[in-house]
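*Asks:* I'd like to ask some things about the structure below.
Each value in this text was obtained by applying a stated rule to the coordinates, not by laboratory testing. What you are looking at is a predicted structure, and each value in this text was computed from that prediction instead of being measured. Cβ placement follows ideal geometry from the backbone for every residue including glycine, while neighbour counts extend to all protein chains displayed.
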Amino acid sequence: MAVRALRRRVIPRAAAPSGIRHTRGMSVTELPASPRPPSAPLPDFCSLPVLFALVVVGALTVTLMWLAPGNDGDLRDYCIAVLFTSWLSMLLTVALCKLRPWMQRLSWMWPYAAVWLLLVLTVGASAAAVSWLDHNLTLGLSPDSTFGFVRDSVLATGLLGAGLLRYFYVVAQWQTRVAASAQAQVAALQARIRPHFLFNSMNAVATLIRVDPDAAERTVENLAELFRAALGSDQDTVGSLGDELALVDRYLEIETLRLGERLRVEREVDVPTDLPMPRLLLQPLIENAIRHGVQPSRSGGTVRLTGRVARGGVEFVVDNPLSEGPAVPGTGHGLRNVRERVRFHFGERASVEAASHDGRFVVTVFLPESARARPDRR
């Protein structure tokens, strides 16, 4: 009886969770729509290297066809063909530059297919227009057969365009991998920035809480700003010289509480404050100068920060006195970190040099004028 009663019991159907719909007693899981394939990155068609590549490829193709056995064209025909391909190269570059944002919205490999189709259609229409004008003006610049001229131009463009686009695709993929690798390295370097003064600053805050609460509050705020810059997101790794100098001032205010009159700072920076600069580029150099030059000395010392516009760029110099007492052992991480980040953001022309001169340790940072500190996109 109990079994029959159990069989007769009507079990209400539970409400279907989100993403589940019932059809005639059967539950069918609604699968999410398949994600859209990522778009293949197109090269920057507005750049001079792309225009140069198109002009060179067109000129080389005409030259090989002119030198091929069986060709009866003279030097005049060769010059006309080179002018025609050069004009087409400039026309295609302008068209690709203007239409690149629209084509980049396409998914998967369709951006490259759209570029190839644009090349073929543009060259075919241009060849037909040139042939029609030539025949009507009887200049004798193009072959007699319009269909043959257009056909040969379209076939040559299709083959050369496919090869050139394959080259651009491989280069774009390589640049993407290099940028991703460099971005990962910079992110690792950014995460490893741990100011050595943390514990000393916290001890100073603990001491100042009862003696000078306002100074303790300012110290906590300065520490917060420094760590916000050190542990910020990838999009915040590039700022300006003005932002970096503000961080340096906050750091110096903390160290002044700890070292007092032993720490003297001279700063003479004659560089526009809107200069793009990675965050925490100068602050680690000031930190090393205080830690290795001022802190070990009983009488302290003077840290100098200078900046000036040099030939081909800007130059920053941080120098500190060589310690008379036992040197504080270091790992060289701060200087190495600055050197690697400068190379990534500004290229190989940038440099970071360190040397001892006249009883002082001098670090010189050169940033080329033509470079722009790129975001870590990476």
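*Asks:* Could you check the simple spin-label distance between Leu60 and Arg262, using points 7 Å along Cα→Cβ, in nm with one decimal?
*Replies:* 6.6 nm
*Asks:* Report the paramagnetic label zone for Asn71: residues of the range 114-143 whose backbone N is under 16 Å from a point 7 Å from Cα along the Cα-to-Cβ axis.
*Replies:* Correct set: 142-143.
*Asks:* Still on this model: For labels at Glu348 and Asp249 in the simple 7 Å Cα→Cβ model, what's the distance in nm?
*Replies:* 3.9 nm
*Asks:* Separate question: Net charge around Leu92, counting only other residues with Cβ within less than 13 Å of its Cβ (Lys, Arg = +1; Asp, Glu = -1)?
*Replies:* Working: positive: Lys98, Arg100; negative: none.
That sum, taken over residues with Cβ under 13 Å, equals +2.
*Asks:* How much length is gained if the chain between Thr364 and Val220 is pulled fully straight, taking 0.36 nm per residue apart and subtracting their Cα-Cα distance, in nm to one decimal? Write down the numbers at each step before the final one.
*Replies:* Details: separation 144, 0.36 × 144 = 51.84 nm, distance 3.11 nm.
Length difference between fully extended and current span is 48.7 nm.
*Asks:* Want the number for Thr138 to Arg166: 0.36 nm per residue separation, take away the alpha-carbon distance, what's left?
*Replies:* Roughly 6.2 nm would be gained on extension.
*Asks:* Follow-up. Taking the Cβ of Val171 as the center, what net charge do the other residues with Cβ under 13 Å away carry, scoring Lys and Arg +1 and Asp and Glu -1?
*Replies:* +1
*Asks:* Please give the contour-minus-distance gain from Gln173 to Leu159: 0.36 nm per residue of separation, less the Cα-Cα distance, rounded to one decimal in nm.
*Replies:* Result for the pair: 2.9 nm of gain on full extension.
*Asks:* By counting other Cβ atoms within 10 Å of each Cβ, how are His345, His135 ranked from fewest to most?
*Replies:* His135, His345
*Asks:* Among Ile254, Ile80, Ile290, rank each residue by its count of other Cβ atoms within 10 Å, from fewest to most, as a rough exposure measure.
*Replies:* Ile80, Ile254, Ile290
*Asks:* Place a point 7 Å from Cα of Thr302 in the direction of its Cβ. Which residues in the range 262-294 have their backbone N less than 19 Å from it?
*Replies:* It comes to 262-270, 286-287, 289-294, nothing else.
*Asks:* In the neighborhood of Val120, defined by Cβ-to-Cβ distances under 14 Å, what is the net charge if each Lys or Arg adds +1 and each Asp or Glu adds -1?
*Replies:* In short, 0.
*Asks:* Then there is this: So for the pair Leu99, Arg151, with labels modelled 7 Å out along Cα→Cβ, what separation do we get in nm?
*Replies:* In this crude spin-label approximation the distance works out to 2.5 nm.
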